[in-house]
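Inspection log for the structure reproduced underneath, given as structure tokens.
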Amino acid sequence: MFNISQFLERFKHLETNETGMRSAISDAIHQIVGVNVPLEAISYKNSVISLKIDGALKSELYIKKQKMFDMLKKTLPHLKDIRFS
């Protein structure tokens, strides 16, 4: 007989991977800029990182976007872009 907990185990790993990925992105931003970006403000979908941040921080990150992109590209080889909103 099929056990539902075995089926749901798959989704547990997906959440862990996404949280780990957002944490790695936040750490990379902190290394470059020196500012902590909350995990809730980071999303990764279709090889694009989206950051939901305020104006002053957005400007600072935009200036250092290429440096962040190069650093994150080593970890996420399929990365296409970093977007701010």
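So residue 76 fits all but one of (1) modelled with pLDDT under 85; (2) touching a Lys or Arg at 6+ places or on another chain (Cβ under 7 Å); what number is the exception?
In the conditions (1) modelled with pLDDT under 85; (2) touching a Lys or Arg at 6+ places or on another chain (Cβ under 7 Å), residue 76 misses (2) alone.
Got at least one residue in segment 51-67 being in contact (Cβ under 8 Å) with a residue 24 or more places away in the chain, closer than 22 Å to residue 20 by Cβ and surrounded by fewer than 11 Cβ atoms within 10 Å (Cβ to Cβ)?
Within segment 51-67 (the criterion being in contact (Cβ under 8 Å) with a residue 24 or more places away in the chain, closer than 22 Å to residue 20 by Cβ and surrounded by fewer than 11 Cβ atoms within 10 Å (Cβ to Cβ)), the answer is no, since none of the residues qualifies.
Considering segment 37-50 alone, what residues qualify as being in a loop (DSSP other than H, G, I, E, B) and either surrounded by 11 or more Cβ atoms within 10 Å (Cβ to Cβ) or within 11 Å of the chain's Cα centre (by Cα) (or both)? Explain how you work it out, then say what you get.
At the first step, the residues of segment 37-50 found to be in a loop (DSSP other than H, G, I, E, B) are 37-38, 46-47.
37, 38, 47 - these are the residues of segment 37-50 that are in a loop (DSSP other than H, G, I, E, B) and either surrounded by 11 or more Cβ atoms within 10 Å (Cβ to Cβ) or within 11 Å of the chain's Cα centre (by Cα) (or both).
Can we say residue 21 is at pLDDT below 85 and in a helix (DSSP H, G or I)?
In short, yes.
Which one is surrounded by the fewest Cβ atoms within 10 Å (Cβ to Cβ) among residues in segment 27-36 that are over 17 Å from residue 85 (Cα atoms) and either hydroxyl-bearing (Ser, Thr, Tyr) or without any contact (Cβ under 8 Å) to a residue 12 or more places away in the chain (or both)?
34
The values are calculated or read from the model by the stated rules, or taken from the named source; none is laboratory data. None of these values were measured; they are calculated from a predicted model. Using ideal geometry, Cβ is built from the backbone for each residue, glycine included, and neighbour counts are taken over all protein chains shown.
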